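Where a number appears in this text, it was derived from the coordinates with a stated rule and is not lab data. Treat the numbers as computed from the prediction; the structure is a model and nothing was measured. Glycine also receives a Cβ, built like all others from the backbone with ideal geometry; neighbour counts cover every protein chain displayed.
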Amino acid sequence: MVSCALRGYFLVMASKLTRLLIALLICSVVQACSDNEANVHKLKEIEQLWTTVPIYPGMVEVSYSSPSEGEMTIDRNYKSDAPFNEVRRFYTEKLTHAGWQVVGDTEVKDRGRFRGERLVEFRKGEYELDLQYAGQRKADFGWDYSIDITWARR
């Protein structure tokens, strides 16, 4: 038989453990709410940044993707016959004037092959803007140019 004192000790320990588990649960809920609030704020900032991004003359938007769960990216795809070098020059000039910095300009390879795809990356504070050119994969993608803004989460 368990003595009365030992049984009392176990009840006190169980009560303390229960309170600790409840406190941890409350903390995790508060943290999740705080994270969600921060994500909503960042998404609004991304949407605001989009309003400042110029669209190259003649580009026609063909698709738009809004952020999914936990993702802080807004992506828009465009059709345009404009040569990549002209589009790149336009965005480099306009975005750098608005405070963005070019941080990359690369050829994109798919399975080790270059098909004319290009990626120009810009950064402003904690946000990244990517200008992607589809090259010879236009038909595969259904667009010529893609522009997305992402929260970089540094």
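Over region 46-151, what relative contact order in percent results from Cα pairs under 8 Å that are six or more residues apart? Walk me through the numbers before you get to the answer.
Values: 184 pairs, mean separation 27.9, N = 106.
It rounds to 26 percent for region 46-151.
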Legend entry - Asp105 long-range amide H proximity, modeled H, under 5 Å: Glu121
Inset, instruction - Taking amide H positions as placed in the peptide plane 1.01 Å from N, state which residues far from Tyr127 in sequence (5 or more) or on other chains have amide H under 5 Å from it. - result: Ala152
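For region 63-152, which trypsin sites (Lys or Arg not before Pro) pass both filters: DSSP loop (anything but H, G, I, E, B) and at most 12 other C-beta atoms within 10 Å? Don't skip to the end; give the middle numbers.
On the way: sites: Arg76, Lys79, Arg88, Arg89, Lys94, Lys109, Arg111, Arg113, Arg115, Arg118, Arg123, Lys124, Arg137, Lys138; in loops: Arg111.
For trypsin sites (Lys or Arg not before Pro) across region 63-152 that sit outside H, G, I, E and B with at most 12 neighbouring Cβ atoms in 10 Å, the list reads Arg111.
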Inset, instruction - For each of Met72, Met59, count neighbouring Cβ atoms within 10 Å of the residue's Cβ, then give the residues from fewest to most. - result: Met72, Met59
Inset, instruction - Select from Asn85, Ile147, Val102 the residue farthest towards the positive end of the dipole of region 46-151; place +1 on Cβ of Lys and Arg, -1 on Cβ of Asp and Glu, and compute about the Cα centre. - result: Asn85
Legend entry - Backbone N within region 84-108 under 14 Å of label point (7 Å from Asp140 Cα along the Cβ vector): 108
Legend entry - Dipole magnitude of region 46-151 about its Cα centre (Cβ charges: Lys, Arg +1; Asp, Glu -1), debye to nearest 20: 420
